[in-house]
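*Asks:* Take this structure first; my questions come after.
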Amino acid sequence: MRADGTKDALVGSASPAVPPAWFPPGLHLLAYVDGGDRVVIAETDAGRTMDAAAASPGVIGLSWSANGHGLIEISRRDLWLRDVRASKLSSSLKLGAARRIPLPAAAVVRAAAFSPRWQTIAVLLDRSQGPGPPRSEALLIDPAGGPTRRLFGVSGHLTELAWSPDGRRLLLAWPAADQWLFVPAEGSTRLRAIGDIAAVFSPGSASRATYPRVEGWCCPSTLGDG
């Protein structure tokens, strides 16, 4: 639909458990999981399905690569990557077979997303084992098979992850500490922690404010941004 709520049209029947994901290069294409547990790519202007394939087991999230050539399916225990091929003759996209991305044993996936600029995948893991305190870890993964890099770890329960538009840093949510952590993805820039997040988003609240959920990062960058 338009931003003012008009011209709404049905695209398909999507699973409420998996947020749809827009195609990054700017075309009006949408990836979603339907009621039949299929990953669907739809052309939203015409309401046309371009391709569909059986979703990976337990999928709870989707994320496109910056160039639209890859799509990851996120479950609580696994990440699955599909190549997405464009067919110029039929003006369509084709989903390749899903392949599993190796993760540390016994890790639980809290969030994962492709970088908005590069092919790197950031994944936030719960590494808690046994009766000990919770432990969280953020990794950067090369889907081409290069070495995985540990970006950040903490004794605590981190819940969400979001890339900055320029791909230079990650926002990690830490509800128990009432903080957002801004972690550099590369270089020597230091981590920055911002506290009292709940109060910032609920100023003047008479009762204890609710810690906010991260929905996105405004606004998309352009080449040449600092």
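*Asks:* Counting only residues that are in a strand (DSSP E or B) and of a type in the set (A, V, I, L, M, F, W, C), which one in segment 83-106 is surrounded by the fewest Cβ atoms within 10 Å (Cβ to Cβ)? Before the answer, list the steps.
*Replies:* So in segment 83-106, the residues in a strand (DSSP E or B) come out as 83-87, 92-95, 99-101.
Now narrow it down to the ones that are of a type in the set (A, V, I, L, M, F, W, C): 84, 86, 93, 95, 101.
On the way: Val84: 21, Ala86: 13, Leu93: 20, Leu95: 20, Ile101: 18.
So the residue we want is Ala86.
*Asks:* In the list Ser136, Ser155, Ser128, which residue meets the criterion of being surrounded by fewer than 18 Cβ atoms within 10 Å (Cβ to Cβ), without any contact (Cβ under 8 Å) to a residue 40 or more places away in the chain, of a type in the set (S, T, N, Q) and in contact with a His (Cβ under 9 Å, 6 or more places away or on another chain)?
*Replies:* Answer to the selection: Ser128.
*Asks:* Which ranges mark the strands (runs of 3 or more DSSP E) fully within segment 160-219 that have 3 or more residues being closer than 20 Å to Leu140 by Cα and out of contact with any Gly (no Cβ under 8 Å at 6 or more places or on another chain)?
*Replies:* Per the criteria, 160-163, 169-174, 179-184.
*Asks:* Condition check: in a loop (DSSP other than H, G, I, E, B) and either of a type in the set (Asp, Glu) or in contact with a Ser or Thr (Cβ under 6 Å, 6 or more places away or on another chain) (or both). Does Val11 satisfy that? It would help to see each step written out before you state the result.
*Replies:* Working: in a loop (DSSP other than H, G, I, E, B): yes; either of a type in the set (Asp, Glu) or in contact with a Ser or Thr (Cβ under 6 Å, 6 or more places away or on another chain) (or both): yes.
So Val11 passes the test.
*Asks:* Restricting to segment 54-82, what's the tally of residues that are part of a strand (DSSP E or B), touching a Lys or Arg at 6+ places or on another chain (Cβ under 9 Å) and either crowded, with 17+ Cβ neighbours inside 10 Å or not aliphatic (A, V, I, L, M) (or both)?
*Replies:* Adding up the residues that qualify gives 8.
*Asks:* Additional query: Can you work out which of the residues in segment 1-37 that are of a type in the set (D, E, K, R) and surrounded by fewer than 17 Cβ atoms within 10 Å (Cβ to Cβ) is nearest to Gly61 (Cα to Cα)?
*Replies:* The qualifying residue nearest to Gly61 (Cα to Cα) is Asp37.
*Asks:* Next up: Which of the residues spanning segment 134-159 are over 17 Å from Arg192 (Cβ atoms), outside any strand (DSSP E or B) and within 16 Å of the chain's Cα centre (by Cα)?
*Replies:* Asp142, Pro143, Thr159
*Asks:* Of a type in the set (Lys, Arg) and either surrounded by 15 or more Cβ atoms within 10 Å (Cβ to Cβ) or assigned to a loop (DSSP other than H, G, I, E, B) (or both) - does that describe any residue in segment 40-52?
*Replies:* Looking for residues that are of a type in the set (Lys, Arg) and either surrounded by 15 or more Cβ atoms within 10 Å (Cβ to Cβ) or assigned to a loop (DSSP other than H, G, I, E, B) (or both), one finds none in segment 40-52, hence no.
*Asks:* Got a number for residues in segment 107-133 being assigned to a loop (DSSP other than H, G, I, E, B), modelled with pLDDT of 90 or more and under 24 Å from Pro175 (Cβ atoms)?
*Replies:* Within segment 107-133, residues that are assigned to a loop (DSSP other than H, G, I, E, B), modelled with pLDDT of 90 or more and under 24 Å from Pro175 (Cβ atoms) number 2.
The values are calculated or read from the model by the stated rules, or taken from the named source; none is laboratory data. Values in this document were obtained by computation on a predicted structure and should not be read as measured data. Quick reminder, even Gly has a Cβ in these numbers, built from the backbone with ideal geometry, and neighbours come from all protein chains shown.
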